[in-house]
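Reading through the structure tokens given below for one structure.
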Amino acid sequence: MAYYMVYWPQDQVEKLKKAGDNGPIRVVFGSIHSRMPTIASIKAGDVVFPVTLMKKKLYVMARLPVTHRERAFDYCMRELGGEYGALTPEGIAVEWSKDFYAMAGKSFRRIEDVPEGVQILRQTEKPHAIHQEPFNCCSQWAVWGEEGSSIAPRPLPSESIPLLRFGYPKSKEKALRLDKYGNVLTASLSVTRRMAEETAKIFEGLF
């Protein structure tokens, strides 16, 4: 089992708050972009903690024990009914309307133009929570589970921030980058980070 920290930008947190989405958290996505960085290293059996910065303070938003890992496209089509900007796998085209079909790197105005052998999937909206929608395009992977916590800001004590360490193995562990006031810099949160054992205990202590 490994523990990971992923970053939710403030606009995503505000979006969830406005929608009244308090969880429980069901899924975390990773994309090919730094705004929603890759989660390719997270596997079933791991635990992931989304965090955010509010007024320069670090908050833990949720805890998700991971039981499944799959392509974001497969998760979105099954659970949400549409692709929601997820990367479309090769050999699949998604019907957006009766006169528009999209596949990886290509689009077609008529169903007759879709290459032979390509599977056509139709989108049908399904009820879901807002956090189940990827907040950035080109999502690649989804990790999910059914024992997630509520979604709410849980402040990390300021005295614990300098103690946090991330990386693996132990010889590669590093602290977060801080400004001169001891506040976490956003740049330190732009990648998915594996927690050191003592750091995981600090995060677990919030739940």
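All but one of (1) crowded, with 19+ Cβ neighbours inside 10 Å; (2) within 24 Å of LYS17 (Cα to Cα) hold for LYS56; state the number of the condition that does not hold.
All conditions are met except number (1).
Yes/no per residue for (1) open to solvent by 50 Å² or more (accessible area, probe 1.4 Å); (2) touching a helix residue (DSSP H, G or I) at 6+ places or on another chain (Cβ under 8 Å):
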site: ARG154; (1), (2): no, no
site: SER158; (1), (2): yes, no
site: LEU163; (1), (2): yes, yes
site: ARG193; (1), (2): yes, no
site: LYS201; (1), (2): yes, no
site: GLY205; (1), (2): yes, no
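Among the residues in the range 101-118, are any over 17 Å from the mean Cα position of the chain (by Cα), open to solvent by 60 Å² or more (accessible area, probe 1.4 Å), without any contact (Cβ under 8 Å) to a residue 12 or more places away in the chain and under 14 Å from MET5 (Cα atoms)?
No, the range 101-118 has no match at all.
Touching an Asp or Glu at 6+ places or on another chain (Cβ under 7 Å) and at pLDDT below 95: is that true of GLN119 in this structure?
Spelling it out, it is not the case that GLN119 is touching an Asp or Glu at 6+ places or on another chain (Cβ under 7 Å) and at pLDDT below 95.
Working only within the range 16-34, note down all residues that are over 14 Å from the mean Cα position of the chain (by Cα) and exposed (fewer than 14 other Cβ atoms within 10 Å of the Cβ).
LYS18, ALA19, GLY20
Considering the range 148-165 alone, what residues qualify as being within 20 Å of the chain's Cα centre (by Cα) and either under 19 Å from GLY45 (Cβ atoms) or modelled with pLDDT under 95 (or both)?
GLY148, SER149, listed by residue number.
For the range 69-92, which positions are in a loop (DSSP other than H, G, I, E, B), open to solvent by less than 40 Å² (accessible area, probe 1.4 Å) and under 22 Å from ALA44 (Cβ atoms)?
Once the filter is applied, which keeps residues that are in a loop (DSSP other than H, G, I, E, B), open to solvent by less than 40 Å² (accessible area, probe 1.4 Å) and under 22 Å from ALA44 (Cβ atoms), the range 69-92 yields LEU80, PRO89.
The values are calculated or read from the model by the stated rules, or taken from the named source; none is laboratory data. What you are looking at is a predicted structure, and each value in this text was computed from that prediction instead of being measured. Please note: Cβ atoms are built from the backbone with ideal geometry, for glycine as well, and neighbour counts cover all protein chains shown. Side chains are part of the model used for accessible areas, which takes the heavy atoms of the whole protein and leaves out ligands, DNA and RNA. Shrake-Rupley method; radii C 1.70, N 1.55, O 1.52, S 1.80 Å.
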